[in-house]
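Chemist: Quick one: the structure is below, questions incoming.
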Amino acid sequence: MTVIRLARVGYKHNPKYRVVVADSRKSVKGRFIELIGHFDPLSKDKKAVIDKDKYQAWVKKGAKPSQRARSLFAKLG
């Protein structure tokens with residue numbers, strides 16, 4: 001199954017996340033199919049950037065977004 005989820009990058013006490021499309025059997029830090037955005041929770045405006053066209057295309061193909069990815073996309077509109 002294909003999922004849309006957040007993959008943590010950055011370093012200790014400074015998290016940053018990539019919004020990726022990946023196989024659900026792979027680890028969170030493992031290989032992913034496509035990078036569709038990023039999220040910085042420590043910035044003042046909690047900046048999230050997600051490519052809406054790619055997100056919708058993957059959802060139409062059957063990818064299931066995680067709860068956090070779904071809420072980030074909903075905040076973007």
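Since every read-out is calculated from the coordinates, none of them should be taken as a lab result. From a predicted model like this one, the values you see are computed outputs, not experimental measurements. Here Cβ is always computed from backbone atoms with ideal geometry, including for glycine, and neighbour counts include all displayed protein chains.
Chemist: In terms of Cα to Cα distance under 16 Å, which lysines are near enough to residue 16, apart from those fewer than 8 places away along the same chain?
Modeler: Straight-line reach from residue 16, under 16 Å: 29, 44, 46, 47.
Chemist: Pull up the cross-link candidates among the aspartates and glutamates for residue 52, meaning alpha carbon to alpha carbon under 14 Å and not fewer than 8 places away within one chain.
Modeler: 34
Chemist: To the nearest 20 Debye, how big is the dipole of the chain about its Cα centre, given +1 on the beta carbon of each Lys and Arg and -1 on that of each Asp and Glu?
Modeler: Taking the Cα centre of the chain as origin, the dipole is about 240 debye.
Chemist: Only helical DSSP H runs with n ≥ 4 go in: add -39500 (n - 2.57) per run for the chain, normalise by residue count and round the 222 nm mean residue ellipticity to 500 deg cm²/dmol.
Modeler: It comes out at -7500 deg cm²/dmol, rounded to the nearest 500.
Chemist: Within the chain, what's the longest run with no trypsin sites (Lys or Arg not before Pro) in a DSSP loop and at most 10 other beta-carbon atoms within 10 Å? Give the range, please.
Modeler: Between the exposed loop sites, the longest stretch runs 45-77.
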